[in-house]
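A.B. asks: Right, I'll just put the structure down here and ask away after.
The values are calculated or read from the model by the stated rules, or taken from the named source; none is laboratory data. Remember, it's a predicted structure, so these values are computed and weren't measured experimentally. Neighbour counts run over all protein chains shown; Cβ positions are idealised from the backbone, glycine included.
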Amino acid sequence: MAGFEDYFYQVKDGLTLYARDYRGPSANAPVVLCMHGLSRNSRDFSRIAPTLAKTHRVIVVEQRGRGRSAYDPQSDRYTPETYIGDMFELLAKLGIQSCATIGTSMGGLMAMGMNAIAPTLFTHVVINDIGPELATEGLDRIKKYVGTASEFPDWQSAVAHTKTVNGVAFPDYSDDEWRQFAEQICTEKGGRVMLDYDMHISDPMKNSDAATAPAVLWSLFDHLESKPLLLVRGELSDLLDMDCVEQMQRRHPRMQRLSVPRVGHAPMLDEPGVLDAIVAFINN
């Protein structure tokens, strides 16, 4: 299994952020940038990155306020615009001028924004269960749980919380899979189990819908029209409605689509056949 190196870097506002760097098969291997969702971290890609690293150098980021990246003392900076700026700083420090990208949920929105700013950056774009319109049901669910419960007395309680919040998205998960999920989103510090993100990351989203779903999203999506694009959608998704998917297809007729059965928001990308499809896509 391919390993990774820890990479810490400082951005212009002084925060030190973190990424995993899977170096790939050679020094000149193509690069894929993996960007997680709102309350997640680099561990979201831990099961697929080693396979991607057989052909690519894989950079898996942790946005500010998540995982090993520093928490921001100014919560109003927890916005996609700030994260996008952080990503451009990371790529510049690594000397990366071209890459593929895989963006889950918020990471997919970031991919749209980054592509609009730097249209020659991405060679291939994979968007995981997100679109220019966010369904109210899913958005309300996310607002309800992000930034609420933060600490648990033990791992059993953390697993129970994970299942309560995400059960609608993964109805077929086993007890072992729920434990694995909890270990992806939680951490243990000083004998305490806690969610591995700053509870304030949701402040801008709760204060303004524009911070989550700006009116310009369709315009940003339209900038992808000439770009190889793969949309992954959970069959049970409550955040990406099929009406939105169909409009995305009309605007980007060459967009490839992959539906993940019996999964909601957002697929882990290690479901049967999904990773194979992504590998084939970014290598084409």
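A.B. asks: Evaluate the following for V60: is it crowded, with 22+ Cβ neighbours inside 10 Å, of a type outside the set (D, E) and either over 27 Å from M199 (Cβ atoms) or without any contact (Cβ under 8 Å) to a residue 12 or more places away in the chain (or both)?
C.D. replies: no
A.B. asks: From the list I84, I96, pick out the single residue that is touching a Lys or Arg at 6+ places or on another chain (Cβ under 9 Å) and either aliphatic (A, V, I, L, M) or modelled with pLDDT under 95 (or both).
C.D. replies: Working: I84 fails: touching a Lys or Arg at 6+ places or on another chain (Cβ under 9 Å).
It is I96.
A.B. asks: Is there a residue being under 21 Å from V279 (Cα atoms) and without any contact (Cβ under 8 Å) to a residue 12 or more places away in the chain anywhere in the stretch 18-26?
C.D. replies: yes
A.B. asks: Can you give me the number of residues within the stretch 87-131 that are out of contact with any Leu (no Cβ under 6 Å at 6 or more places or on another chain) and of a type in the set (D, E)?
C.D. replies: The number of residues fulfilling the criteria is 1.
A.B. asks: Looking at (1) assigned to a helix (DSSP H, G or I); (2) in contact with a His (Cβ under 8 Å, 6 or more places away or on another chain), can you tell me which one L230 breaks?
C.D. replies: (1)
A.B. asks: Do you know which residues across the stretch 248-283 are surrounded by fewer than 16 Cβ atoms within 10 Å (Cβ to Cβ) and touching a residue at least 60 places away in the same chain (Cβ under 8 Å)?
C.D. replies: R262, D270, N283
A.B. asks: Listed residues I117, I84; which is β-branched (V, I, T) and closer than 18 Å to M205 by Cα?
C.D. replies: Working: I117 fails: closer than 18 Å to M205 by Cα.
Going through I117, I84 in turn, the sole match is I84.
A.B. asks: Give just the number: which of (1) touching a Gly at 6+ places or on another chain (Cβ under 7 Å); (2) part of a helix (DSSP H, G or I) does N115 not satisfy?
C.D. replies: So the condition that N115 fails would be (1).
A.B. asks: Among (1) outside any helix (DSSP H, G or I); (2) surrounded by fewer than 20 Cβ atoms within 10 Å (Cβ to Cβ); (3) hydrophobic (A, V, I, L, M, F, W, C), which single condition is I102 missing?
C.D. replies: Going through (1) outside any helix (DSSP H, G or I); (2) surrounded by fewer than 20 Cβ atoms within 10 Å (Cβ to Cβ); (3) hydrophobic (A, V, I, L, M, F, W, C) one by one, I102 breaks only (2).
For (1) modelled with pLDDT under 85; (2) buried (at least 17 other Cβ atoms within 10 Å of the Cβ); (3) more than 17 Å from G131 (Cβ to Cβ), each residue gets a yes or a no:
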residue	(1), (2), (3)
C186	no, yes, yes
G190	yes, no, yes
Y197	no, yes, yes
S202	no, yes, yes
S208	yes, no, yes
A215	yes, no, no
E225	no, no, no
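A.B. asks: Which of the strands (runs of 3 or more DSSP E) contained wholly in the stretch 1-77 include at least 2 residues that are over 26 Å from G131 (Cβ atoms)? If you could, list the steps in order and put the result at the bottom.
C.D. replies: Numbers: elements: 5-10, 16-22, 31-35, 57-62.
Of the strands (runs of 3 or more DSSP E) lying wholly inside the stretch 1-77, those with at least 2 residues that are over 26 Å from G131 (Cβ atoms) span 5-10, 16-22.
A.B. asks: So which of R20, R47, R43 ends up being at negative phi and either in contact with a strand residue (DSSP E or B) (Cβ under 6 Å, 6 or more places away or on another chain) or aliphatic (A, V, I, L, M) (or both)? Show your work before the answer.
C.D. replies: On the way: R47 fails: either in contact with a strand residue (DSSP E or B) (Cβ under 6 Å, 6 or more places away or on another chain) or aliphatic (A, V, I, L, M) (or both); R43 fails: either in contact with a strand residue (DSSP E or B) (Cβ under 6 Å, 6 or more places away or on another chain) or aliphatic (A, V, I, L, M) (or both).
Answer to the check: R20.
A.B. asks: Does Y83 qualify as being out of contact with any strand residue (DSSP E or B) (no Cβ under 7 Å at 6 or more places or on another chain), of a type in the set (S, T, Y) and in a loop (DSSP other than H, G, I, E, B)?
C.D. replies: In short, no.
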